[in-house]
Each structure stands twice: as C-alpha cells, then as structure tokens.
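Visitor: Sharing a structure with you now.
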C-alpha cells in the first residue's frame, strides 16, 4: 500500500487511522453484521452514530445549547441559497467579498433580495482581508455574510467583522475545526466537510435557534427549510449516513489529539514551517499579505509559469500531490488541513529547498 | 466477522464483494496513494470514476443518447421540489397517489402550482395500483408523476400509466436497476440510490435533454436547476464522490451478474419463493393484491400485533434483520433488493415455516 502527501484543497487528506477503522468496519460495524452503508437511518445503531457525532462536535467547538447542529446535503453551494431563503426576512443582506465563494454566495442571494457588497478585496486579487472594523452595515440587513477562510486565495479573517449588531453568517468550510471559535458570535456557522472533516456530501450547519422559523421565503423547498431539518434532527429524509459516520470518527480523532486548542497549536506550527521558508526564499513567494494568511491554504508562486509547472510535476513524482494552484491565482497551493502530518509539510519544504537550489 | 441477512427497506444490503473491494481500496485507490474520500473531484482519477459510472449505468439501462444522467444530492425528497421548480412551465401537474412518497411529492409540488391528483389507491391503504389506462389527464399538465414501486406498501406498476402524451416522471428509488426499463417512455426517471444501488446521499436523475432548460421558476436555487448540473456534468460543486464510487462498483457488479434481464429473473425467483409461501400460509398473509406486488418490498402480517412483534424479535435473534413493517402498515416487511442473495430469502421462508408451526 502506498500513501502520498496529499495537499489537495478538497476533498482532502483524512487521518490514516480513521480510514483504517472505516476499512476494518466495512462489512460489520460494531457486531451489527452490516456496513454503516447498509444500515437503516431509523436504526438504533445509526441513531447512536449521529447522536455521538453531534455530541462530539458540540464538545469540540463548545457549542452553546441555543444552537442546533444540522448534518445536511448539497455542500456550501446549496447553503448559498438556503441562507437567504430562510433568513432574508427584510430581503436585504450585506456580503463581504473576499474571493470566489463569497462572490458566488452573494450572487445567489441576489435571487432573493437586495445584496449590499459592503467590502471587497477584489482590487488586489483577494490577497488580503479588508478592514472590517467600521463598515457601512445596512440598517435593514438581515445578516452580514463572510467566507472566513478563503480556500483559493489563502486568506483568513483574524478578527471577525464588526457587524454593528447584525447577525453574522460564516462559511468556514476550509477552516472548520482547525482552531477554537466562539460560536456565540455567529448566527450561522457552516461548512462543507470535505476539506477538514470528512468525505464530500455532508455540510454541517450550526445555527442559533431563534433564526430557525417557519417564516421562510415563498417557494422554499421543504428540504431547504432549516426548521424541517432541525425539527427532524437531520433525519427528515435519509441523511448522508456514511459521511456522517466518517465525520464522527474524525471528531473522535480530534478529541484524541487534544481538541481544537491543540489543533490550533499544531496547525500554527505546520504553517510556520512553510511560511518561514517562503519568507526567506529567493525563488518562491507567498501571495497573501502576512497578517491575513490562512493556516490551512498556502498559495505561492515562482513568478514563472513554466517553472511553476515544472515544480508541480516534480513534486508529484516525489509523492507530494495536488500542489497546483487554482487557475485564478496560478502557481502552487499547499492545503495543510488538520489531517496533514507535520512530516508532510517538512517533506514539502525540503523538496522546495532542493528545487530552489536546482532552479535558481 | 459476522454478516446478517438484512431486509432493511433502505439504506439496505449491498453486494458483499463491493464492500470488500471498498475496504481494500480505502487507503490507496488504484495506486493513487489516497482514498477516494481524499481525492479532488477535479482529478483525473475521480473523473474516470464518475465517467465509468455513467457509462455503466447507460449500458445497464440502455439509456438513449438524448438523456442526461445526473448524480445529485438531497435524495428523492429534494427532487420533489426540484421537479416542479424545473418542469412546471404551466404551473399544472398531475400526480397519481399510490402511497406516502407520491403524496409527499404532490404536497411539495403544490408550493409551485396546481396539482391534480388524478388517481389514488388511498381507499384501500395503498394495497393496489389504480387502473391508469384512461385517467383524466389535465390538458395543460406539465407532466404526470408516479412513484413506480412503493417501498412502504409493496406495490409496483406493472404497466405504466397512459399519460395521453404528457411527460411521465417516475420515482424509481425502490426498484432502480431491478429489471430492464424502457427509458424512452419517461421524461425523468430518478431515484435515491440507498435502496438498490449504494450509500445514502446520492440521487440519480435520468432526464430527457429537451426538459433541461434555463426557464425555471423564479427563485430556483442554482444547485436545484437541472441545467446547472447537466452543463457541469454533475460537477458544479463537489459531488458526493465516495457514494458515486460505490454506485460505480455496484454497476460493475450488476454487469457481472448478467445485467438487468438477469437481475429481473433472479428477483422474480427470489420474490416467488416468498410470495408462494405467503399464498399457502395459514399464519402469514401478504397485504398487496397479487397483480400489483412488488419484487422488491414484500409486506405481510399475521393479523395479530403481538405475534408480529414476537416474529420480528425471534427473526432478529436468528440473523434475519429489519423485518419490522412500516408503522402505517404494521406487521412485517421483507425488502429483497438486488443484493439480497437467494439464500437470504430461503432462510427467511424456512424461519417463517418454523414460526408458523410453533405459533399456529
């Protein structure tokens, strides 16, 4: 069996011990005589899986009791519609545009009401996070929306925006569970799991109870109504059961690592190895302003497209996979999520050093 | 390792060799050094997985070239909204009510237009399929909707309704790939995969190309627009990749079994063992009129609730799992999907005979 260091932006690397357990349990989960894939979602065994997953993420994120945790489908892209359909009571919302995902979310919300783009970093290819300490938040805004960690551009809010009392909604797909958060600062905090938690096909939505109402926009599908999903505890219809089971295993793994404070420390240590090298390299340079750098996604370039392509190709041959940057940034991107071991980052930097020596 | 005979209505039994392959490939798919769960959906490896899956289901179902095959999320319940949002151009549709799922689909469609319930078998607890040879199909109906195999009540259309020229839409969740179908008779044929094909979290939609338009109802989310999904070949956003991979393995398994004609033969043989026994039993009786019996879901009762409960409990102890009937029918239900081996049905009937002797 071969294992590579997989720097994919998502779906992305998962903890090896989680995969091993899943393989071991594939034909017989916990003495049930069946795979979790074969298990009725109304069975006691599955109820225990989803209840334990919820309890563990609540513990990891210290989620207050007045928030619901929903395991849904359709990814963040479906939330782009579900959020305005459920929350745009005044049909007005403010969006801060720090990259493609916030842009797409804003465009989708425009189907349902007025969208004010109250800040943007488009002027410098989204290489920074705008100052959000005193934004022109709309008086009648139903919420202020951010994408907290931008997967493509490698930025991360280090301070949450001052929403001037408005509800904050955050897409945290690419920084989910990478460090402690104060959930009480958000109305909704949500993300697709396929970057930092589990297999694609599950989106976790953590939503304050007072935002869950029957008063949704006309034509909102039953499945896209938070109240339906909250009342049914994510079991209105058959959930993505196997994905939830893997997420649950990752939650257990995170607890074993010491929880989110320990993950933050580890993630900072991993990112520092890469950023420190980038800051002194004569060949490679990071594309994001220092103070807004993501711990999860690290884009970098040589400034020479041909050399970039050569790097990606040779890195792949050396077992360092998926380092090609997003087409809108070019160059390279190393996604170093929770499950990327420090050895993977060390191997990457060692390879970069060697490449620099050979190609400068 | 223990394996039981799992008669769950869904999620349900999968072919053991598919699960074994999935377990073997969990840490290293095909020499890539990563799990399919960890693989970018934009990678060549995943593109091959989804392309092969599509090619195989096209071959199995003999899907005409003017139909698209979409791998989506949200289950049949989300299709209940997606269908009217995309197809209700006149805002009128006809629904034939043969159980809970058709009922739910009709109720959801009422959010978007006028729904005519042109036939129903509610008068006899959905124990039969209404005569659909000459129904009052609405002149301006955008489509006629059926649930082709009712999982809860155990009925199946043996002849498709005469739609008088209107587009036929069918939910085939619980009979998907159980026998050959003539796809050209349908506008849309779709189903959640968690009964007969794979893990929950994937819904396959086979849709005639002329029905895929930009002209959808106002407020239709981008993700719920067939055109978005068709144009992106199911990769508009991250798809439920691992589920699609398992579906692909089941398609290969079905081809190895001889395809859908062979499956039909095998499914008829399996069902006959159970129905023949029910027809002569003095203790158990089937709840569905003979001519409308499903090959997949077989409900039966003793007429005595306590005895039913005793049966379910003792069957479970004997390794025959999930035989409890749906609460709206009571009694028992054996779901005997493609992956249920004939030995499982034989074991069930042997157990029923013994139970009958002991309890009559």
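Visitor: Given the residues B:354, B:324, B:310, B:316, which is the only one that is free of Cβ contacts under 8 Å to residues at least 24 places away in the same chain, over 30 Å from residue B:253 (Cα atoms) and in the same structural domain as residue B:294 (by TED's automatic domain parsing)? Let's see the steps before the verdict.
Guide: Values: B:324 fails: over 30 Å from residue B:253 (Cα atoms); B:310 fails: free of Cβ contacts under 8 Å to residues at least 24 places away in the same chain; B:316 fails: over 30 Å from residue B:253 (Cα atoms).
Answer to the selection: B:354.
Visitor: Among the residues of region B:81-107, which ones are under 20 Å from residue B:215 (Cβ atoms) and outside any loop (DSSP other than H, G, I, E, B)? Outline the logic, then answer.
Guide: Here is the first cut: in region B:81-107, the ones under 20 Å from residue B:215 (Cβ atoms) are B:81-93.
B:81, B:82, B:83, B:84, B:85, B:86, B:87, B:92, B:93, listed by residue number.
Visitor: Mind telling me which of the residues B:141, B:230 ends up being surrounded by fewer than 23 Cβ atoms within 10 Å (Cβ to Cβ) and either touching a strand residue (DSSP E or B) at 6+ places or on another chain (Cβ under 9 Å) or modelled with pLDDT under 95 (or both)? If you could, list the steps in order and put the result at the bottom.
Guide: Details: B:141 fails: surrounded by fewer than 23 Cβ atoms within 10 Å (Cβ to Cβ).
After ruling out the rest, the residue left standing is B:230.
Visitor: So which residues in region A:196-227 are buried (at least 17 other Cβ atoms within 10 Å of the Cβ), in a loop (DSSP other than H, G, I, E, B) and more than 14 Å from every other protein chain (Cβ to nearest Cβ)?
Guide: Of everything in region A:196-227, just one residue is buried (at least 17 other Cβ atoms within 10 Å of the Cβ), in a loop (DSSP other than H, G, I, E, B) and more than 14 Å from every other protein chain (Cβ to nearest Cβ), namely A:212.
Visitor: Which condition number in (1) surrounded by fewer than 18 Cβ atoms within 10 Å (Cβ to Cβ); (2) within 11 Å of chain B (Cβ to nearest Cβ) is the one that residue A:259 fails?
Guide: With (1) surrounded by fewer than 18 Cβ atoms within 10 Å (Cβ to Cβ); (2) within 11 Å of chain B (Cβ to nearest Cβ) applied to residue A:259, the lone miss is (2).
Visitor: Scanning region A:30-84 for residues that are away from chain B (no Cβ under 14 Å) and free of Cβ contacts under 8 Å to residues at least 12 places away in the same chain, which turns out nearest to the chain's Cα centre (by Cα)? Give the steps one after another, and end with the answer.
Guide: In the first step, residues of region A:30-84 are kept if they are away from chain B (no Cβ under 14 Å); the result is A:48, A:51-69.
Filter again for free of Cβ contacts under 8 Å to residues at least 12 places away in the same chain, leaving A:48, A:51, A:55, A:58, A:65.
Working: A:48: 25, A:51: 22, A:55: 20, A:58: 17, A:65: 23 Å.
Across region A:30-84, the extreme among qualifying residues is A:58.
Visitor: Taking residue A:334 as meeting all but one of (1) out of contact with any helix residue (DSSP H, G or I) (no Cβ under 7 Å at 6 or more places or on another chain); (2) surrounded by 23 or more Cβ atoms within 10 Å (Cβ to Cβ), write down the number of the exception.
Guide: All conditions are met except number (1).
Visitor: If you go through region A:86-115 one residue at a time, how many are surrounded by fewer than 20 Cβ atoms within 10 Å (Cβ to Cβ), touching a helix residue (DSSP H, G or I) at 6+ places or on another chain (Cβ under 9 Å) and within 17 Å of residue A:161 (Cβ to Cβ)?
Guide: Our first condition is that a residue be surrounded by fewer than 20 Cβ atoms within 10 Å (Cβ to Cβ); within region A:86-115, this holds for A:89-92, A:100, A:103-104, A:107, A:110-111, A:113-114.
Narrowing the set further to residues that are touching a helix residue (DSSP H, G or I) at 6+ places or on another chain (Cβ under 9 Å) leaves A:91, A:103-104, A:107, A:110-111, A:113.
Filter once more, so that each one left must be within 17 Å of residue A:161 (Cβ to Cβ): A:103.
The total comes to 1.
Visitor: If you don't mind, another one. Which members of region A:11-29 meet the condition of being more than 7 Å from chain B (Cβ to nearest Cβ), assigned to a loop (DSSP other than H, G, I, E, B) and closer than 26 Å to residue B:40 by Cβ?
Guide: If the condition is that a residue be more than 7 Å from chain B (Cβ to nearest Cβ), assigned to a loop (DSSP other than H, G, I, E, B) and closer than 26 Å to residue B:40 by Cβ, then A:15, A:25 are the ones that fit.
Visitor: Could you tell me whether residue B:288 is under 19 Å from residue B:270 (Cα atoms), touching a residue at least 40 places away in the same chain (Cβ under 8 Å) and in a loop (DSSP other than H, G, I, E, B)?
Guide: Values: under 19 Å from residue B:270 (Cα atoms): yes; touching a residue at least 40 places away in the same chain (Cβ under 8 Å): yes; in a loop (DSSP other than H, G, I, E, B): yes.
So residue B:288 fits the description; yes.
Visitor: Might you check whether a residue that is within 14 Å of chain A (Cβ to nearest Cβ), within 26 Å of residue B:200 (Cβ to Cβ) and at pLDDT below 95 occurs anywhere in region B:327-343?
Guide: Within region B:327-343 (the criterion being within 14 Å of chain A (Cβ to nearest Cβ), within 26 Å of residue B:200 (Cβ to Cβ) and at pLDDT below 95), the answer is yes, since at least one residue qualifies.
Visitor: For residues that are more than 19 Å from residue A:191 (Cα to Cα) and within 7 Å of another protein chain (Cβ to nearest Cβ), scanning just region A:1-10, find the one that is surrounded by the most Cβ atoms within 10 Å (Cβ to Cβ).
Guide: Residue satisfying both the conditions and the ranking: A:6.
The values are calculated or read from the model by the stated rules, or taken from the named source; none is laboratory data. Owing to the predicted nature of the structure, the values given are computational and were not obtained by experimental measurement. Every residue, glycine among them, receives a Cβ derived from its backbone with ideal geometry; neighbour counts consider all protein chains shown.
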